[in-house]
Amino acid sequence: MLTEERHQIILEQLKVHNIVKLHDLIPLTGASESTLRRDLQDLENCHKLLRIHGGAQNVISLHEEPALSQKASIHLDEKKAIGRVAASQVRNQEVIFLDSGSTIQFMIPYLIEHKNLLVITNSVDNASMLADYDIETFLPGGKLKSSTKALVGSTMVQTLETYHFDKCFLGTNGFSIESGYTTPDPEESSIKQLAIKQSNQTFILSDSSKYCQVSFSKFADLKDATLITNELPVKESVLLNKETKVMEVN
């Protein structure tokens, strides 16, 4: 198989799965592990992927917003564990805000354990799921984004400015020590910023694959929220814990 053909297969797999492992590429390309390592190095040099331990990760442009269905289908085990721990931070009779992050929906099944809970969300999908679980929910109005099913815009901002929350739970497209928490869309970023401002306590839910990923619009510094993520490598864990509170989920 020609080098260009192997590169095309690798990039097509990344489009579908976001992360590919070397051992999965071997039967697809018929190439050796050493050859595939060189391929990944070449593609990284061309800024077409990011190499990670044992494989590669898709590179998302600063302004690109993956569809919610695409984000919801990856790292499922990690997201379920993060959602369970996030829900454990909620107490009876609290008012909480949930945004449209793909990991947030994994909190919802566990929220039924809490009494007299009031949830405000800007996510149409999450509001529907909350209704299925018979959890009291407010869905303020706004402009609906097709990619994330999130309500944004001036009407949403004006409404949230009149609310106060015990806690808010937000997703992020990336987090890093240098850039903080980021997302591609400034309108969604403004909703996240306002939710943080109106909340007594903020939690960011993100699987560790988003570490060192940076999108266009920053909405918070690391110190502004507690990070709930899956287990990190020791070096990264030490660095992040110097900047903020980190809850690592096994």
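The values are calculated or read from the model by the stated rules, or taken from the named source; none is laboratory data. Since we're looking at a predicted model, the values are computed, not measured. Note that we place each Cβ from the backbone using ideal geometry, even for glycine, and neighbour counts take in every protein chain shown.
Per-structure values
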quantity: Tabulated pairs, the range 26-48, first over 12 Å from Ile9 (Cβ atoms), second assigned to a helix (DSSP H, G or I), C-beta under 6 angstrom, 6+ apart or interchain; calculated: Glu33/Leu22
quantity: Residue check for Gln70: part of a helix (DSSP H, G or I), within 19 Å of the chain's Cα centre (by Cα) and either modelled with pLDDT under 90 or surrounded by fewer than 21 Cβ atoms within 10 Å (Cβ to Cβ) (or both); calculated: yes
quantity: Inter-residue pairs, beta-carbon under 6 Å, first part of a helix (DSSP H, G or I) and in the range 76-99, second modelled with pLDDT of 95 or more and hydroxyl-bearing (Ser, Thr, Tyr), 6+ apart; calculated: Arg84/Tyr110; Ala87/Tyr110
